[in-house]
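Comments concern the structure below.
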2 protein chains.
Amino acid sequence: MYLTHLECPKCGRTHDANQVQNLCQCGAPLLARYDLEKIKSTVKKEDLTGRAKSLWRYREFLPVQKDENIVTLGEGCTPLLRADTLGRTLGLSQLYIKDEGLNPTGTFKARGAAVGVSRAKELGIETVAMPTAGNAGGAWSAYTARAGLRSVVVMPVDAPDMAKKETFLNGARTYLVQGLISDAGKIVGRGVKRYGWFDASTLKEPYRIEGKKTMGLEIAEQFHWDVPDVILYPAGGGVGLIGIWKALEEMAAIGWISGKRPRMVAVQAEGCSPLVKAFREGRQESEFHQNAQTLAGGIRVPKALGDFLVLEAIYKSGGAAIDVSDAEILEALRLTARSEGMFICPEGAATIAAIQKMKAASLVDKDERILLLNTGTGLKYPETVEIDLPVLGAADDIVL
Amino acid sequence: MYLTHLECPKCGRTHDANQVQNLCQCGAPLLARYDLEKIKSTVKKEDLTGRAKSLWRYREFLPVQKDENIVTLGEGCTPLLRADTLGRTLGLSQLYIKDEGLNPTGTFKARGAAVGVSRAKELGIETVAMPTAGNAGGAWSAYTARAGLRSVVVMPVDAPDMAKKETFLNGARTYLVQGLISDAGKIVGRGVKRYGWFDASTLKEPYRIEGKKTMGLEIAEQFHWDVPDVILYPAGGGVGLIGIWKALEEMAAIGWISGKRPRMVAVQAEGCSPLVKAFREGRQESEFHQNAQTLAGGIRVPKALGDFLVLEAIYKSGGAAIDVSDAEILEALRLTARSEGMFICPEGAATIAAIQKMKAASLVDKDERILLLNTGTGLKYPETVEIDLPVLGAADDIVL
């Protein structure tokens, strides 16, 4: 194992990684640190070629000590697809979409859950509790079921039906709350105190970010270690963006990629855009977004615990934070399906709406290599598509 | 290219693969034939190691001539997962599930569509028409959209909403019919005559089977070229089973696997079991199943064009055809989610119900290596899960 300790990115304190940990005393999330020199001397990027097609191919960069503790459903190694038709429409010659919808449970949340649950199992945790906007609950309930752990999940009453169903089906003790994910988080917090469950809330749990980090490793490998110029990511809690950035730093530290970094762009919905507001005002942290509302439930996070890490990555990389309307999201979703045959989730569609805005504002050049993260399959969001199809009798003919 | 011609498995006639083809004059589907000697002398199975993680890694076994015609969304290379918890419950020590839900569009239909549409594009076809129970429509509409081809899809009015939505969203001209997939097929047939569309109905189109064949290649590669003892497959049209069998024959012909074959088991629903009836009666072909009914829409096919090929594979391999009830399917679906965290489709769940019956009837030994095909994600079937979850106020506590 190459994991050495946990570190607070705010106050610098270090913490024992062999103990169950949540936040630092200072209230900030903890980041896993590795012996990068040892990784550098043991594994070459060429060694990856013959490895398994899952995020566990990046074994050395992950916090699980013993292979027997790995809980897998085949997560990671999602396709990197050129989107040439869409690119032509948008006036971009090198547009790519990484389709995280091809993960178990249909979203990138599977990455965080696979690594988080594996490590929880390794550390002897028996019951995992978490609030969710929906998809993390689906993912964590799946991996805890597979691991034989118990789980408690609380989600907003207006979370997508699909997420409620899969969480329940996977055997999680599932509750709805009349409120937002922040309210769900408080209920979980009280339950954790009362019953001694492990609090697996986003970033209160230090290892899901390591799972999401593998998106960054994959991006580098799929681009043949020459990373793209711009990466757009739909940011709710922002863990994916923090993870990708962390992966880029770790790979640069061991010489797998050059110092050049993609400009990191956080995409939010107009109805819930705390990071965009903070970015426009040049701040290091965001403020709670009152009355958060958007159809893209995965990015309806009024205030993220890791906001300062997201903003740091944006500033350091010369990136941006962009917001788009729900109407723009729906239009982008339809355009992507018609153009590329990809039924993406509203959060993914937000990145497509955002790149259009960035192009219009000359924030990207037409020939730059641009990567959009589609964080999940549209199959989890049937409510985004309305249909009214012609019905034929068996003896009828199609008439054009 | 290693494709040499198309061959009728019924009357033996050969057909030019460089022309657009549907059925043989004798009414039977056509199979693609390759120069296997040439494949044998050019590629070794070890060569696959470094190749792309998609079904196109088996390039030599596929009918597309030029790489530029490949239409891909990252299909294939789905995970092979051990199901140890489920296996313990069922009394089976080596139970595996191949999860085809991790394909684009959420089902194994993506394999057939990727190869079928790529070849259609290569042959200059402009409009593709097809009947579907639902999922093939979702897949073919996605790949035709990505290829820039037009598509016409007809499906039963009671097909799953999700399939209707994705087919429509992908830009296919989509019609519903008050009837079964067989009625949809007749409407397509009349439209094909009238408008000159290409008829891409199951097995009237010779190349989707080549895409589905890659399941067989993957199974062999994932089992390190030592194929399992038994394979259970939910058979509607049965193309997947025919494809897997064809792959096994091709691999054996070039010495990639030994002569030993898995016992091939076709699983159907009690409400639509023409192959099971034919198998019980020892026949070579099936009869039309009147009033076909099952919640597993993908296997609601009253009479398959390739029935004789499915039955041939079953007989040659010493396999079987098994039917299960809808109630057994739903119970198996729930059991799999609780045990393994996998939300599978009803068709996949049918294989789990079937292996329980086979175990009870001593048709399998407890230590045999058994592979179940889950053909799609449960996310496409929200109607299989009913929920009634507790709703909390924001100030409420969870009370155990």
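A short reminder: the numbers here are calculations on the coordinates, not readings from a lab. Here the structure is a predicted model, which is why all the values come from computation and not from measurement. Glycine gets a Cβ as well: all are built from the backbone with ideal geometry, and neighbour counts include every protein chain shown.
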> What residue among A:Pro104, A:Pro382, A:Pro228 has the largest mean-square fluctuation in a Gaussian network model of chain A, using Cα springs under 10 Å?
Replying inline: A:Pro382
> For chain A, can you list the cysteines whose C-beta has no other cysteine C-beta under 4.7 Å from it?
Replying inline: A:Cys77, A:Cys272, A:Cys345
> Tally Lys and Arg at +1 and Asp and Glu at -1 over the other residues with C-beta under 12 Å from the C-beta of B:Val128: what net charge comes out?
Replying inline: +3
> Taking the Cα atoms of the protein assembly as shown alone, what are Rg (to one decimal) and Dmax (as a whole number) in Å?
Replying inline: 25.6, 78
> Rounded if a/c is under 1.5, else prolate if a/b is larger than b/c, else oblate: which is chain A, with a ≥ b ≥ c the root eigenvalues of its Cα gyration tensor?
Replying inline: rounded
>> Under the convention of a label 7 Å out along Cα→Cβ, give the distances in nm from A:Lys66 to the same position in every other copy, shortest first.
In response: 5.7
> Other chains near B:104-113: what is the mean number of their Cβ atoms within 10 Å of each residue's Cβ?
Replying inline: 3
> What are the residues whose amide H is under 5 Å from the amide H of A:Ala83, where those residues sit 5 or more places off or on another chain and H is modelled from the backbone?
Replying inline: A:Leu95, A:Tyr96, A:Ile97
>> Spelling out what I want: for every residue of segment B:259-268, take phi, set θ = phi - 60°, compute 6.51 cos²θ - 1.76 cosθ + 1.60 (Karplus), and round to whole Hz; glycine and proline get x.
In response: x, 4, 10, x, 6, 8, 10, 8, 10, 10
> Considering only DSSP beta bridges with both partners in the protein assembly as shown, what is the antiparallel share in %, to the nearest 5?
Replying inline: 25
> So who's got an amide H within less than 5 Å of the one on A:Tyr175, skipping anything under 5 residues away but keeping other chains? H placed 1.01 Å off N, in plane.
Replying inline: A:Val153, A:Val154, A:Met155
> Across 5 Å bins from 0, what is the distribution of all Cα-Cα pair distances for segment B:50-92, in whole percents?
Replying inline: 5, 18, 19, 16, 8, 8, 10, 9, 5, 2
> Helix-derived [θ] at 222 nm for chain A: sum -39500 (n - 2.57) over DSSP H runs of at least 4, divide by residue count, nearest 500?
Replying inline: -11000 deg cm²/dmol
> Order of B:His5, B:His224, A:His289 from fewest to most other C-beta atoms within 10 Å?
Replying inline: B:His224, B:His5, A:His289
> Once amide H atoms are placed 1.01 Å from N in the peptide plane, what residues at a sequence separation of 5 or more from A:Arg263, or on another chain, have their amide H within under 5 Å of its amide H?
Replying inline: A:Val230, A:Ile231
>> With just the Cα atoms defining each centre, how far is segment A:77-97 from segment B:262-282? Give it in Å.
In response: 44
> Between segment B:18-69 and segment A:99-156, how many Å separate their Cα centres?
Replying inline: 39
>> Restricting to Cα atoms and excluding each atom paired with itself, what does the Kirkwood estimate give for segment A:45-181 in Å?
In response: 16.4
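Which pairs in the list A:Lys44/B:Lys66; A:Lys10/A:Lys357; A:Lys53/A:Lys204; A:Lys246/B:Lys98; A:Lys44/A:Lys357 are over 31 Å apart, alpha-carbon to alpha-carbon? Mind dumping the intermediate values first?
Numbers: A:Lys44/B:Lys66 34 Å; A:Lys10/A:Lys357 33 Å; A:Lys53/A:Lys204 29 Å; A:Lys246/B:Lys98 33 Å; A:Lys44/A:Lys357 39 Å.
Violating the 31 Å limit, Cα to Cα: A:Lys44/B:Lys66; A:Lys10/A:Lys357; A:Lys246/B:Lys98; A:Lys44/A:Lys357.
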>> Give me Rg/Rg_expected for segment A:246-285, where Rg uses Cα atoms only and Rg_expected = 2.2 N^0.38 Å with N residues.
In response: 1.60
> Mean separation of Cα pairs under 8 Å and 6+ residues apart, divided by the residue count of chain A: what relative contact order is that in percent?
Replying inline: 17
>> On the Cα set of segment A:1-94, report Rg and Dmax in Å, please.
In response: 18.5, 52
>> Per-residue counts of other Cβ atoms within 10 Å, averaged by peptide: what ranking do you get for A:64-72, B:200-208, highest first?
In response: B:200-208, A:64-72
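Can you bin segment B:257-363 into rounded, prolate or oblate? Criterion: square roots of the alpha carbon gyration tensor eigenvalues sorted a ≥ b ≥ c, rounded for a/c under 1.5, prolate for a/b above b/c, oblate for the rest.
Values: a/c = 1.99, a/b = 1.22, b/c = 1.62.
Oblate shape, in that a/c is at least 1.5 and b/c is the bigger or equal ratio.
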> Each residue of segment A:223-231 in turn: what ³J(HN,Hα) in whole Hz from Karplus with 6.51, -1.76, 1.60 and θ = phi - 60°, glycine and Pro shown as x?
Replying inline: 8, 6, 6, 10, 5, x, 7, 9, 10
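Would you mind giving the mean number of other chain beta-carbons within 10 Å of the Cβ of each residue in A:172-180, as a whole number?
Numbers: counts 1, 4, 3, 6, 5, 7, 6, 4, 1.
Mean shielding by partner chains, rounded to a whole number: 4.
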> Using the Karplus equation 6.51 cos²θ - 1.76 cosθ + 1.60 (θ = phi - 60°), what ³J(HN,Hα) coupling, rounded to whole Hz, does each residue of segment B:42-59 give in order, writing x for Gly and Pro?
Replying inline: 9, 10, 9, 5, 5, 5, 5, 3, x, 7, 4, 8, 7, 5, 6, 5, 9, 3
>> Between segment A:307-336 and segment B:338-365, what is the separation of their alpha carbon centroids in Å?
In response: 44
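What shape does segment A:180-255 have by the C-alpha gyration tensor, where a ≥ b ≥ c are the square roots of the eigenvalues, rounded means a/c under 1.5, and otherwise prolate means a/b greater than b/c and oblate the rest? Please report the intermediate quantities before stating the final value.
Numbers: a/c = 4.40, a/b = 2.40, b/c = 1.83.
Prolate shape, in that a/c is at least 1.5 and a/b is the bigger ratio.
Within chain B, what percent of beta bridges assigned by DSSP are antiparallel, to the nearest 5? Kindly include the intermediate steps, with their values, before the conclusion.
Working: 12 of 44 bridges.
About 25 percent, rounded to the nearest 5.
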> What average number of partner chain Cβ atoms lie no more than 10 Å from the Cβ of the residues making up A:378-387?
Replying inline: 6
>> For a distance above 17 Å, tell me the whole-number percent of Cα pairs in segment B:133-180 that qualify.
In response: 21
> Using 7 Å Cα-to-Cβ label points, what is the A:Lys45/B:Lys53 separation (nm, one decimal)?
Replying inline: 1.6
> If we count other beta carbons within 10 Å of each Cβ, what is the order of A:Phe343, A:Phe223, A:Phe198, B:Phe288, fewest first?
Replying inline: B:Phe288, A:Phe223, A:Phe198, A:Phe343
> By counting other Cβ atoms within 10 Å of each Cβ, how are A:Thr42, A:Thr377, B:Thr89, A:Thr294 ranked from fewest to most?
Replying inline: A:Thr42, B:Thr89, A:Thr294, A:Thr377
> What order do you get for A:270-277, B:12-19, A:229-236 when each peptide is scored by the mean count of other beta carbon atoms within 10 Å, highest first?
Replying inline: A:229-236, A:270-277, B:12-19
